[in-house]
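Here's the structure, in structure tokens; my notes come after.
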Amino acid sequence: MTNFKLEIAKKISQIVNLEEKEIENYIEIPKEINNGDYAFPCFKLARSLKKSPIDIADNIKENIELDEKIFTNIEVVGGYLNFFVNKELFAEEVLQSVSQNDEYGKSEIGKGKNIVIDYSSPNIAKTFHIGHLRTTVIGSALYNIYKYLGYNVTGINHIGDYGTQFGKLIEGYKRWGTEYNLEENPIEKLTEIYVRISNACKEDETILEECRNNFKKLEEGEPYCKELWKKFKDVSLKEFQKVYDILGTKFDSWNGEAFYIDKMGEVVELLEKSGKLVESQGAKIIDLEDKGMAPCIIEKTNGSSTYATRDLAAILYRARTYDYDKALYVTSYEQVLHFKQIFEVAKLLGLDEKYIKGLEHISYGMVLLETGKMSTRDGNVIKLEDLLNEAIQRAEKIIEEKNPNLENKDEVAKKVGIGAVIFNDLANSRVKDEIFNWNNVLNFQGETGPYIQYTYVRTKSIVEKAGGVPDIKDIKVKYLQDDISSKIIKLIYNFEDILTQVVDKNEPSILSRYLIEVAKNYSNFYNENKIIVDDSEIQNTRVYVTYAVGKILKIGSKLLGIEMPDKM
RNA sequence: GGGUCAAUAGCUCAGUUGGAUAGAGCACACGCCUUCUAAGCGUGGGGUCGGGAGUUCGAAUCUCUUUUGGCCCA
């Protein structure tokens, strides 16, 4: 493909005394279509050249020698130099590159780079609720997109399968285990047991003592405790898997916290060697006051480990095992300080600087209920499974209304319902909090997943009706000169750039927004133009654009973790 | 108290390194299905970009300050 920006930069640098690179950076893409395809703002040169921006623009315009095949026009508008590219050439190149590539937008820019993404990571024996959705879908989307750009990606579900709460659960199960049938509804039952034993602990210190004792035994590897712990873990994972199956979430590693139990000793040793590990009130800490942070506790007063120690052990392990260039942690912003501390302390582990630089916390906003924060303890959580099922049901109802004769209704309802839920969580910037509202999440109109699916289904049905994808040789780009067509071509061209933006910022919403934009413009195109017409040149051209749009929508959605139905 | 993130239309949000007239969706009102799927398209109203100061050719965007809210730490 012609690099238009570079072309402009080259020519301008011949006239003004600036590096190509710098000029390329200044060149922007006008919002208004009347202002051309690329613009060079001359204001930045005004001071150094001691001339008015308009004079500079005029001067460049007069002296620049652009290839007329590539650019059709240059205009000076209020200090801007606006460039108009040859629409026909542009459209031809863009459609050409779509046609040659089944995996349009795929690239090798990440070749040789290893990315580790830690996402989802739920706690054993706790409800998988709507709050866990964001980490799961954001992590998955990043996983897919990094991979598409050629990175070698490892997805890790860092299960929360360790901690003092297991001492309690074991005690509860020892006491009343026979009263609960864990097979039936494991997590609910375990939660009940947990609440019951917690209350019992509050009333009777000796019970709490027993719980602590159990945890100690678990750490020492006492068989019965270990067996129970394993049981809790197994039934929980089975529950989680149900949700992952519905969402289509995959992981390469399920190494959770327990995996690092025997790897924490080394962390303590290394920190001790660094000389920074100090005693404070009986605990071992790393003081971070000079960094403006609270101290990082490595070992508690009673000698037991902390989250921090496990995370540090994980960093060591991941650096050695995956030789990562980036290690991403997708968790809510509640943990911002925690990761800041961990990343600071990680500098003391003697790892190569590369591994420290690669650590990145991908934080996102909270999911709140209208009544406030969710709490497993208080039982005011919305189970993710319930949400997904409700979404599927609503989709079914709409299909029944709009398209009762549709085949595979169940399958389509699933794709649409789940698509709506996933898209809803990926559509906004990560930082935004989300106040959960059934009607918002399960809205299928406007800027939603189903809207993209609907648009895709349309493209699919048109291509089918036209008798398949036309040969690229049979299209005439002169029919794509109008504003809407140009906009669509430009959007298709931008796809790869959008994907690189996503990984630059670790922000999948950039892709979500883009897909909406594509769908919207195509819907516009669809309503303005009849696509299947008598004139075969016009038809072939429009069908080809339709096909290209469908391709983008499908690839893009797939990267977000959203499946496309063929009909809906 | 310290740190941190946010604040843009009635609601939910976009707004690329500062750039041309601040944009969508929802909701509301009206219009568009005998021809490619109306889960769609179009038109319309609706704004002190939380307030104030500064930086400069130019600020929703950067700096300072202030208000409100979320989160984390003690």
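The values are calculated or read from the model by the stated rules, or taken from the named source; none is laboratory data. Model, not experiment: these values are computed from the prediction. Backbone-built Cβ (ideal geometry, glycine too); neighbour counts: all protein chains shown. Areas reflect the complete protein model, heavy atoms only, side chains present, ligands, DNA and RNA absent. Shrake-Rupley method; radii C 1.70, N 1.55, O 1.52, S 1.80 Å.
Odds and ends about this structure:
- HN-Hα J in Hz across the range A:116-123 - Karplus 6.51, -1.76, 1.60, θ = phi - 60°, x for Gly and Pro: 10, 10, 9, 9, 6, 6, x, 8
- Note on chain A: Kirkwood hydrodynamic radius from all Cα pairs is 27.2 Å, rounded to one decimal.
- Between A:VAL195 and A:GLU289, the FRET efficiency from the beta-carbon distance, with R0 = 41 Å, is close to 0.60.
- By accessible area with a 1.4 Å probe, ligands and nucleic acids excluded, highest first: order of A:MET374, A:MET568: A:MET568, A:MET374
- Distant-in-sequence amide H partners of A:ASP566 (H built 1.01 Å from N, under 5 Å): none
- In this structure A:TRP229 has an accessible area near 30 Å², from a 1.4 Å probe over the protein heavy atoms.
- In terms of accessible area, using a 1.4 Å probe and ignoring ligands and nucleic acids, A:ARG320, A:ARG394 rank largest first as A:ARG320, A:ARG394.
- Scanning residues 5 or more positions from A:THR72 or on other chains, those with amide H under 5 Å from its amide H are A:PHE84, A:VAL85, A:ASN86, with H placed 1.01 Å from N in the peptide plane.
- Derived scalar couplings ³J(HN,Hα) [the range A:506-519; Karplus, 6.51 cos²θ - 1.76 cosθ + 1.60; whole Hz; x for Gly, Pro]: 6, 10, x, 4, 4, 6, 4, 4, 4, 5, 4, 4, 4, 4
- The loop-placed GluC sites (Glu not before Pro) in the range A:162-209, going by DSSP, that have at most 14 neighbouring Cβ atoms within 10 Å of their Cβ come out as A:GLU183, A:GLU184.
- Converting phi to 3J(HN,Hα) with the Karplus coefficients 6.51, -1.76 and 1.60 and the offset θ = phi - 60°, the range A:163-174 yields x, 5, 4, 6, x, 5, 4, 4, 4, x, 5, 4 Hz in sequence order, with x at every glycine or proline.
- Taking amide H as placed 1.01 Å from N in the peptide plane, A:LYS276 has no amide H partner under 5 Å among residues 5 or more places away or on another chain.
- Proximal lysines to A:LYS69, defined as alpha-carbon separation beneath 25 angstrom and excluding residues fewer than eight positions away on the same chain: A:LYS5, A:LYS10, A:LYS11, A:LYS21, A:LYS31, A:LYS61, A:LYS87, A:LYS473, A:LYS476, A:LYS478, A:LYS487, A:LYS490
- Pairs from the list A:LYS354/A:LYS554; A:LYS242/A:LYS554; A:LYS174/A:LYS273 with a Cα-Cα gap above 31 Å: A:LYS354/A:LYS554; A:LYS174/A:LYS273.
- In the full protein context, chain A carries 48 Å² of accessible surface per residue, based on a 1.4 Å probe and ignoring ligands, DNA and RNA.
- What you get for the range A:395-512, charging only the Cβ of Lys and Arg (+1) and of Asp and Glu (-1), is a dipole of about 320 debye around the Cα centre.
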